[in-house]
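Below is one structure, written out as structure tokens; the observations come after it.
The values are calculated or read from the model by the stated rules, or taken from the named source; none is laboratory data. What you see is a predicted model, and the numbers here were worked out from it, not measured in a lab. In this analysis, Cβ positions are derived from the backbone assuming ideal geometry, glycine residues included, and neighbour counts consider all displayed protein chains. Each accessible area value is taken on the protein alone, full model and side chains, heavy atoms only, with ligands, DNA and RNA left out. Shrake-Rupley method; radii C 1.70, N 1.55, O 1.52, S 1.80 Å.
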Amino acid sequence: MPASLGAESILCAIRGTGRTLDFALREARETGRRLYLLFVREQPFMTEQDAKRKWPEDAEASAVFAEAKQKAADRQPLFCYAVSPSAAETIVDVAATLGASRVILGAPRRPALINMLRGNVIREVSNSLPEEIDLLVYA
């Protein structure tokens, strides 16, 4: 049975341009898979304008994607952007929509109390991700 295009793709949810991004770029290059970079602007309350916002209108996302583009050189990733009250739900939804075979998340650097209050994105994604999608946590 031929593999679908999505089965050969990786989704990496990023908030910055550190080691997780470098790992995802390397992983895509070494495996020949298409890389999608997802930036989720998490905010508890959303307006209609927030739902329609695009990444060029978000200075932080624009900076992250610009650096990713520079680091990627000849193997350019595809950029995904969302404003959402739940980063975890959005990551799972985008991964399923794209048919990604792998999701890469960076380990949180937030203090334990903030993780407890806001929820742990890795745990939430892990609990909701379909079985056929592998979750890699890069620490």
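Across the accessible surface of the chain, with the other protein chains kept in place and a 1.4 Å probe, carbon and sulfur atoms take up 54 percent. If R0 is taken as 30 Å, the Cβ-Cβ distance between Phe45 and Thr17 corresponds to a FRET efficiency of 0.60.
Note on Ala66 and Ser126: with the Förster distance fixed at 41 Å, the Cβ-Cβ geometry gives a FRET efficiency of about 0.85. Fully extending the segment from Glu57 to Ala73 would add 3.4 nm, taking 0.36 nm per residue of separation and subtracting the current Cα-Cα distance. Coupling constants for the range 93-106 follow from the phi torsions by the Karplus curve (6.51 cos²θ - 1.76 cosθ + 1.60, θ = phi - 60°), and in residue order they are 4, 5, 4, 5, 4, 6, x, 4, 8, 8, 10, 10, 10, x Hz; glycine and proline get x. log10 I(q)/I(0), Debye, Cα-only the chain, no solvent, q = 0.17, 0.21 Å⁻¹? Rounded to two decimals, the profile gives -0.94, -1.41.
Listed by chain and number, the aspartates and glutamates placed with their C-alpha closer than 14 angstrom to that of Lys71 are Asp22, Glu27; residues fewer than eight positions away on the same chain are left out.
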